[in-house]
1. Mind checking which aspartates and glutamates have their Cα closer than 14 Å to the Cα of K132? Skip sequence neighbours fewer than 8 apart in that chain.
2. For L259, enumerate residues with amide H under 5 Å from its amide H, sequence gap 5+ or separate chain, H modeled in the peptide plane.
3. So for L175, L184, L43, what's the accessible-area order with a 1.4 Å probe, most first?
4. Can you list the lysines whose alpha carbon is less than 16 Å from that of K163, not counting same-chain residues fewer than 8 positions off?
5. Of the candidates Q269, Q63, Q188, which one comes out as most mobile in a Gaussian network treatment of the chain with C-alpha springs shorter than 10 Å?
6. If you take every DSSP beta bridge whose two residues both sit in the chain, what share of them, in percent to the nearest 5, is antiparallel?
7. K275 versus E203, label points 7 Å from Cα toward the beta carbon: distance in nm?
8. At 1.4 Å probe size, what's the solvent-accessible area of K101? Round to the nearest 10 Å².
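The values are calculated or read from the model by the stated rules, or taken from the named source; none is laboratory data. All values derive from a computational prediction rather than experimental measurement. Here the Cβ positions follow ideal geometry from the backbone for every residue, glycine too, while neighbour counts run over all protein chains shown. The area values use the complete protein model at the heavy-atom level, side chains included, leaving out ligands, DNA and RNA. Shrake-Rupley method; radii C 1.70, N 1.55, O 1.52, S 1.80 Å.
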Amino acid sequence: MMTVLQSGIYTSIQDLGRVGYAHYGVPISGAMDSYAVKIGNQLLQNPHNASVLEITFGACVLQVDEDVTLCVTGANYNFTVNGMETEMYTVFKVQRGAKLKFANKNYGARTYVCVAGGFASERVLNSQSYYKGITKTSRLQKGMKLLLNTTQEIRKLTYAKVKVNKDYFFNATILCKKGPEFELLPLQQQKELLTKNFSVSKEHNRMGVRLEELIENNLQSILTSGVLPGTVQLTPSGKLIVLMRDCQITGGYPRVLQLTEDGINTLSQKSSGDKIRFSLI
């Protein structure tokens, strides 16, 4: 079990998402940075879809109420165990009573706490990912007790670690493909979309990321059509919205680009004011 001593700005339990329920209007959800989650679960010999804690912008303190094997991946927020700086992307065991703290930012936006066996939270529609209206809560609160699947702990601690390519935390390039309405844009707007630097606005969360700079838009709104995490919508005002993991399943704005999975992971680690640019694969 873990106790939440300080919940931070937005901390939730996530896995790789609630796939296959869009026809009921249910978003996919899941970890914003799937790459970081997969690395942590692989190091712990967990199933690839084991549930983890997603900590957004640090400021989180957890107390371990039983001996547990864990791994911390993703953004670096000066992670410490009992006040001692602790290496990320490595498997280690912490004893009952230990305090895990995530403080000031070094790089990135979202950190992941992966435990051997995963978290034993409620599973709804084949997923443990928090989402308001689907699960009982959408974020952790101070004082909450988190159950762990300790019976599934790895049998032998390997002290495994991996050297991770952290370029995507600092890379401004967001990989994408053409969206269904891309070719409807005039050539000048197509070129601008793929050569301009965009700034992440203050309006960004698990549902979507608004970008500051404008693209001239003379397109008609489309009939309500399917959208996915990574869909880039062009609004009538010329603002771009990049849909993220908790996005709706339909939309009426032209879909000019579609991010790859790597593109979504990269954008998920950006903060307000960060510059990005789109690159077609």
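1. E122, D246
2. K177, T231, V232
3. L184, L175, L43
4. Output for K163: K38.
5. Q188
6. 90 percent
7. Spacing of the two 7 Å Cα→Cβ label points: 2.4 nm.
8. Accessible surface of K101 is approximately 100 Å².
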